[in-house]
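To start, the structure under review is shown below, and the notes come after it.
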Amino acid sequence: MSTLKVYSTSVTGSREIKSQQSEVTRILDGKNIKYELVDISQDNALREEMRAKAGNPKAIPPQIVNGDQYCGVRLLFVEAVEQNTLQEFLKLA
């Protein structure tokens, strides 16, 4: 089984990014979905890995990946929650 990863950063001055990261992890925790939190502030290689998987050289956290499959950004994540298609969005179904 692939590992669901949420790319985040512990070092940001942006309240918006902090809020978005919290929202994603809070929802995953609430639904008992296991994930690995990857802090890109610890290593530039992790930031580059996140951007490569997202297919966007300027991607910012939070980004969600399942194994090698890119799932998407918080906005699409929230839409999937609202439409009850989170399992499909996370490529778990």
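What to note about this one:
- Residues of the stretch 35-61 that turn out to be among the charged types (D, E, K, R) and in contact with a Leu (Cβ under 9 Å, 6 or more places away or on another chain), as a count: 2
- Within the stretch 3-48, considering residues that are charged (D, E, K, R) and farther than 29 Å from Asn84 by Cα, the one nearest to the chain's Cα centre (by Cα): Arg47
- Odd one out for Ser10, checked against (1) open to solvent by less than 70 Å² (accessible area, probe 1.4 Å); (2) at negative phi; (3) in contact (Cβ under 8 Å) with a residue 12 or more places away in the chain: (1)
- Lys18 of a type in the set (D, E, K, R) and surrounded by fewer than 19 Cβ atoms within 10 Å (Cβ to Cβ): yes
The values are calculated or read from the model by the stated rules, or taken from the named source; none is laboratory data. Small disclaimer: the values here were computed from a predicted structure and weren't measured. Reconstructed Cβ throughout: ideal geometry from the backbone, glycine too, with neighbour counts over all protein chains shown. All accessible areas refer to the heavy atoms of the entire protein, side chains included, with ligands and DNA or RNA removed. Shrake-Rupley method; radii C 1.70, N 1.55, O 1.52, S 1.80 Å.
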